[in-house]
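Novice: Handing you a structure now.
The values are calculated or read from the model by the stated rules, or taken from the named source; none is laboratory data. This structure is a prediction, so every number in the text was calculated from the model and none was measured. Don't worry about glycine lacking a Cβ; one is built from the backbone with ideal geometry, like all the others, and counts go over all protein chains shown. The accessibility values were calculated without ligands, DNA or RNA, using every heavy atom of the protein model including side chains. Shrake-Rupley method; radii C 1.70, N 1.55, O 1.52, S 1.80 Å.
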Amino acid sequence: MVLKATAEDYITTSGKDPLAGLPAELKTIPMTVLINAGSASASEIVAGALQDHKRAVVVGTQSFGKGSVQTLIPLSGGSAVKLTTALYYTPNDRSIQAQGIVPDVEVKDKDRAFESREADLVGHIGNPLGGQDVNSSTETPANTETKADKDKSKKDKDEDISSRRIPNPAKDDQLRKALDLVKNPAEWQKSLGLAAKKPAPKKDADKDSKK
């Protein structure tokens, strides 16, 4: 059974559209969304919806790929069972399960040494539309640091702790690209929805359908 959201689903209990009072220009200003392998579940739903509706350009690297919903069923003795009870799709009927959201503009994070995705988990659910699983593609590099390198790295990290949460385009390629796009409306417009396509079916599925 597939359930689709309607306009009524976004009306508050008071019967009002929470966005109705926004100035018109706020509904059309350029927006970018940053994602990477750490973007999962709810953040993927938001990124996919904005991408499908061509409301925002998605920048970064492919997201985690959690397109399923779990229900927790309490058991006696304080234990519980968590069951997967639903799959969700983007407005254009794309499933991101074991695949993730593909960014419209890919910008890799040169400082990210390791990442993990849904498809890396043992026993994960495959993509219901037949698309190929997308595993993590970044591996931890071999440790070739000297003692001097390690000391300098530790000092840099210690100095950076207080400022690492402060956005800094000079040190963040993904953030810099996202800001460049919103400053250039023509380029932003060209990038809208570039990756909002349904995943291609597996070759084996293609062969079976022709039999």
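Novice: Can you find, within the range 1-13, the residue that is most open to solvent (accessible area, probe 1.4 Å) among those that are β-branched (Val, Ile, Thr) and farther than 16 Å from Ala49 by Cβ?
Specialist: Thr13
Novice: To continue, here is another question. Taking interchain pairs and intrachain pairs at least six residues apart, which have beta carbon atoms under 9 angstrom, with the first residue in the range 154-177 and open to solvent by less than 60 Å² (accessible area, probe 1.4 Å) and the second basic (Lys, Arg) and modelled with pLDDT under 85?
Specialist: Asp173/Lys110
Novice: Does Val81 satisfy being open to solvent by less than 80 Å² (accessible area, probe 1.4 Å) and either in contact with a Cys (Cβ under 8 Å, 6 or more places away or on another chain) or hydrophobic (A, V, I, L, M, F, W, C) (or both)?
Specialist: So Val81 passes the test.
Novice: So, restricting to helices (runs of 4 or more DSSP H) that lie completely within the range 112-211, which ones have at least 3 residues that are more than 18 Å from the chain's Cα centre (by Cα) and modelled with pLDDT of 65 or more?
Specialist: Helices (runs of 4 or more DSSP H) meeting the threshold: 173-183, 185-191.
Novice: For the range 110-123, give me each residue that is surrounded by fewer than 16 Cβ atoms within 10 Å (Cβ to Cβ) and either hydrophobic (A, V, I, L, M, F, W, C) or in contact (Cβ under 8 Å) with a residue 24 or more places away in the chain (or both).
Specialist: Step one: of the range 110-123, the residues surrounded by fewer than 16 Cβ atoms within 10 Å (Cβ to Cβ) are 110-114, 116, 121-123.
Listed by number, the residues that qualify are Lys110, Arg112, Ala113, Phe114, Ser116, Leu121, Val122.
Novice: A further question follows. Identify all residues within the range 14-61 that are assigned to a loop (DSSP other than H, G, I, E, B), open to solvent by less than 80 Å² (accessible area, probe 1.4 Å) and in contact with a helix residue (DSSP H, G or I) (Cβ under 9 Å, 6 or more places away or on another chain); write none if there are none.
Specialist: Answer for the range 14-61, where residues must be assigned to a loop (DSSP other than H, G, I, E, B), open to solvent by less than 80 Å² (accessible area, probe 1.4 Å) and in contact with a helix residue (DSSP H, G or I) (Cβ under 9 Å, 6 or more places away or on another chain): Asp17, Ile29, Pro30, Met31, Asn36, Ser39, Ala40, Arg55, Ala56, Thr61.
Novice: Just wondering, is there one or more residues in the range 81-95 that are of a type in the set (A, V, I, L, M, F, W, C), in contact (Cβ under 8 Å) with a residue 24 or more places away in the chain and in contact with a His (Cβ under 9 Å, 6 or more places away or on another chain)?
Specialist: Looking through the range 81-95, none of the residues is of a type in the set (A, V, I, L, M, F, W, C), in contact (Cβ under 8 Å) with a residue 24 or more places away in the chain and in contact with a His (Cβ under 9 Å, 6 or more places away or on another chain).
Novice: Give the number of residues within the range 27-71 that are within 13 Å of Gly100 (Cα to Cα) and among the hydroxyl-bearing types (Ser, Thr, Tyr).
Specialist: Final tally of qualifying residues: 6.
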